[in-house]
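Read the structure below first, then the notes.
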Amino acid sequence: MKSKRKYPVGIQSFERIRKSGMVYVDKTRWVDKIISEEGSYFLSRPRRFGKSLLVSTLAAVFEGKRELFEEFTTDEGIKQPKLYIAQTDWRWEKHPVIRFDFSAGDLRTVEQLDALIDDTLKGYEREYGIQQDLPDPNIRMRHLLRTAYEKTGKGVVVLVDEYDNFILHALGNKEKTDLGRQRFQNVFGPLKEMDAYLKMVFITGISKFSQMGVFSKLNQLKNISMRDDFSGICGITEEELNTQLRPDIEWLAERNAVAYDEMLSQLKARYDGYHFSEALEDIYNPFSLLSAFDSGKLDDYWFASGTSMAVVDMLAQMPPIQLTDLDGGDFLSTMFDQPFESFETPLPILYQSGYLTIKDYDKEFGDYTLGFPNSEVRRGFADCLYTHVAAVKGTDNNKNGLFQAYKLFSRFGNLDKFIEAIRIFFSGVPYQLEKGNKNEHHYHALLYTLLVAFGADVIAEEPTAKGRADITLRMPCGIYVMELKYDHSAQDAIDQIDRCGYAMKYVLSGLPVYKVGLAFSSSERNIIEWKAVKL
């Protein structure tokens with residue numbers, strides 16, 4: 001078997017990665033583009049998508065550490081390749097670099113935020129011999145920028161990583177978010193008027209700075225978050241996967257006893273599907289991809305580690321959210337500029353947090369179709385939504401029973417036991433959860449959410465020429481086209497499937513096709529009748 005390479009799972013230091021012989025996917029052609037254009041930049045990407053590593057790489061470039069970018073052999077005898085930027089005419093002049101890292105630590109209180117800002121400033125004040133005991137971070141920042149410039153004769157590079165970490169954790173608490181904004185506006189306010197002392201400013205976060213109102217004075221910031229020419233700056237592109245990471249796919253395929261193309265297909269279904277611009281360039285989740293290579297198996301790595309409790313807390317404070325309303329919806333670009341704390345819609349934060357991505361763009365009307373990027377996020381978000389938003393105390397046992405019935409259904413086609421398990425599950429949902437949602441869409445959405453959480457190959461509201469099928473479930477034993485009717489008969493549901501031709505598109509699938517009608521009763525608040533007919 002081929003030997004496994006070393007992977008930087010959770011490691012954000014460019015220098016450590018290169019010196020330790022770990023795999024580094026070369027992103028320096030984008031770094032070269034940024035430093036060549038200079039100016040001030042903002043980049044929004046989800047958590048664990050390589051923003052901190054990008055910031056670390058920029059720091060190494062401006063600190064003049066050319067040796068890290070050249071071809072060399074580590075102390076362990078691992079050969080590191082020459083990187084793109086080392087082949088350019090970049091002069092490798094050393095600049096003063098001031099870096100604020102708000103991704104580190106658990107910033108839950110204003111005191112913790114103040115301590116981090118103070119500690120960062122003190123470190124650079126010592127480096128440049130500043131001994132005045134100045135109380136105001138605004139004045140300290142001005143003094144630091146001026147002193148660093150005067151002592152080195154070079155423009156200062158300011159790098160701010162995950163600027164919005166504190167504010168996102170404080171969503172829903174207006175006092176804390178206001179205090180957080182005040183702190184950021186105070187310490188970074190001088191960046192615009194001290195422009196003569198700066199070489200470059202680069203700021204990263206999850207949320208767009210316009211939504212947070214933090215950098216309102218920095219109108220010179222170039223937002224490259226949704227630009228086509230920067231879509232691949234973080235994450236793994238298709239080209240990078242098939243070239244720089246090809247040995248790793250070969251190793252993973254051999255370890256799992258599958259062909260290279262099959263492993264590539266599995267990786268694509270599970271970790272690909274992110275799009276960060278209108279060009280819709282495919283981007284793979286870097287954390288999940290490298291974690292799979294490191295562990296030797298495919299699993300849901302990013303969702304387990306990347307789920308932000310700020311997002312969960314926000315969803316819990318909003319009116320009930322249906323999974324069917326999120327996947328495949330069309331939205332104007334102005335939706336992404338709404339302030340998060342308005343809580344009118346979860347879409348901006350769900351997109352920028354990586355739970356939803358751009359699936360299509362209508363250039364004529366300027367609207368975006370959003371959806372889940374891949375099976376990892378779709379399944380994980382469904383489970384998260386059920387657990388933290390839709391679930392109520394006492395339904396977990398019924399959920400587990402439904403899952404066990406689903407497994408039997410998947411393996412042996414036991415539809416009757418699966419339907420009975422659905423009945424048992426809904427019988428445990430308290431009346432107050434259903435209040436105001438008494439229609440087939442409510443039951444449909446809750447059932448769909450659970451099926452997605454189970455990892456089912458399921459489509460909700462699949463469009464046809466005459467309407468939309470409620471649920472289409474593809475199983476090894478057949479394809480089940482389900483229609484849910486509220487206070488109507490199961491036969492009415494079957495008739496609608498026939499009338500609208502929901503099942504006909506699967507006639508040539510090579511699998512048995514079943515029409516399933518489910519009748520819900522408003523008085524029983526459950527399935528009272530069901531019927532299945534083979535096509």
> Roughly how many nanometres apart are two label points built 7 Å out from the Cα toward the Cβ at SER427 and GLN131?
Replying inline: 8.1 nm
> Averaged per residue, what accessible area in Å² does the chain show with a 1.4 Å probe, protein chains only?
Replying inline: 43 Å²
>> Using all alpha carbons of region 146-302, what is the percent of pairwise distances in each 5 Å bin, ordered from the shortest bin to the longest?
In response: 1, 8, 14, 14, 12, 12, 12, 10, 8, 5, 3, 1, 0
> Among the DSSP beta bridges whose two residues both lie in the chain, what percent are antiparallel, rounded to the nearest 5?
Replying inline: 55 percent
>> With angles folded into 0 to 90 degrees, how steeply does helix 137-152 sit against the dominant principal axis of the chain? Use alpha carbons for both and round to 10.
In response: 50 degrees
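Using just the helices of the chain, give the 222 nm mean residue ellipticity in deg cm²/dmol: DSSP H runs with n ≥ 4 each add -39,500 (n - 2.57), and the total is spread over all residues, rounded to 500. Before the final figure, lay out each step's value.
Details: 23 runs with 222 residues, N = 535.
Calculated at 222 nm, the ellipticity per residue is -12000 deg cm²/dmol.
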>> If exposed means no more than 15 neighbouring beta carbons inside 10 Å and the site is in a DSSP loop, what's the longest run of the chain without any exposed GluC sites (Glu not before Pro)?
In response: 94-343
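Per residue, what volume in Å³ does the Cα convex hull of region 479-532 take up? Provide the component values of the computation, followed by the final result.
On the way: hull volume 3.0 nm³, N = 54.
So the per-residue Cα hull volume is 55 Å³.
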> Among all the lysines, which ones have a C-alpha under 25 Å from LYS208's C-alpha, if same-chain residues fewer than 8 places away are not counted?
Replying inline: LYS27, LYS33, LYS51, LYS174, LYS176, LYS192, LYS199, LYS217, LYS222, LYS359, LYS363
>> What three numbers, in Å, describe the spread of the alpha carbons of region 445-535 along their principal axes, ordered from the longest?
In response: 40, 31, 23
>> Leaving out ligands, DNA and RNA, and with a 1.4 Å probe, what % of the accessible surface on the chain is carbon or sulfur?
In response: 47 percent
> Label-point separation (nm) for LYS154 and ASN256, each offset 7 Å from Cα along Cα-to-Cβ?
Replying inline: 4.4 nm
>> Rounded, prolate or oblate for region 1-113? Axes are the square roots of the Cα gyration tensor eigenvalues, ordered a ≥ b ≥ c, and the cut-off for rounded is a/c under 1.5.
In response: oblate
> Hey, got a sec? Which trypsin sites (Lys or Arg not before Pro) in region 1-66 land in a DSSP loop and have at most 13 other Cβ atoms within 10 Å?
Replying inline: LYS2
>> Need the C-alpha centroid separation for region 69-102 versus region 241-278, integer Å.
In response: 27 Å
> Under a 5 Å amide H to amide H cut-off, with H placed in plane at 1.01 Å, what residues pair with LYS6 once short-range neighbours are removed?
Replying inline: VAL23
>> Place a point 7 Å from Cα of ASP114 in the direction of its Cβ. Which residues in region 131-171 have their backbone N less than 14 Å from it?
In response: 135-138
> Roughly how many debye, to the nearest 20, is the charge dipole of the chain about its Cα centre, given +1 on each Lys and Arg Cβ, -1 on each Asp and Glu Cβ, and no other charges?
Replying inline: 780 debye
> If one computes the Cα centroid of region 1-32 and of region 512-535, what distance in Å separates the two points?
Replying inline: 53 Å
> So how exposed is LYS407, as accessible area in Å² (1.4 Å probe, rounded to 10)?
Replying inline: 70 Å²
> Which whole-percent values make up P(r) of the chain when all C-alpha to C-alpha distances are grouped in 10 Å steps starting at zero?
Replying inline: 3, 16, 24, 23, 17, 10, 5, 1, 0
>> Could you give the length gained by full extension between SER489 and ASN223, i.e. 0.36 nm per residue of separation minus their alpha carbon distance, to one decimal place?
In response: 90.3 nm
> Could you give the nm distance between label points at SER3 and ARG499, where each point is 7 Å from its Cα heading toward the beta carbon?
Replying inline: 6.9 nm
>> Could you tell me the calculated FRET efficiency between LEU511 and LYS531, based on Cβ-Cβ distance and R0 = 22 angstrom, to the nearest 0.05?
In response: 0.65
> Taking only Cα atoms, what is the 0 to 90° angle, nearest 10, from helix 110-127's long axis to the longest principal axis of the chain?
Replying inline: 30 degrees
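The values are calculated or read from the model by the stated rules, or taken from the named source; none is laboratory data. Quantities reported herein were computed from a predicted structural model and do not represent experimental measurements. Note that we place each Cβ from the backbone using ideal geometry, even for glycine, and neighbour counts take in every protein chain shown. With ligands, DNA and RNA removed, areas are computed over all heavy atoms of the protein, side chains included. Shrake-Rupley method; radii C 1.70, N 1.55, O 1.52, S 1.80 Å.
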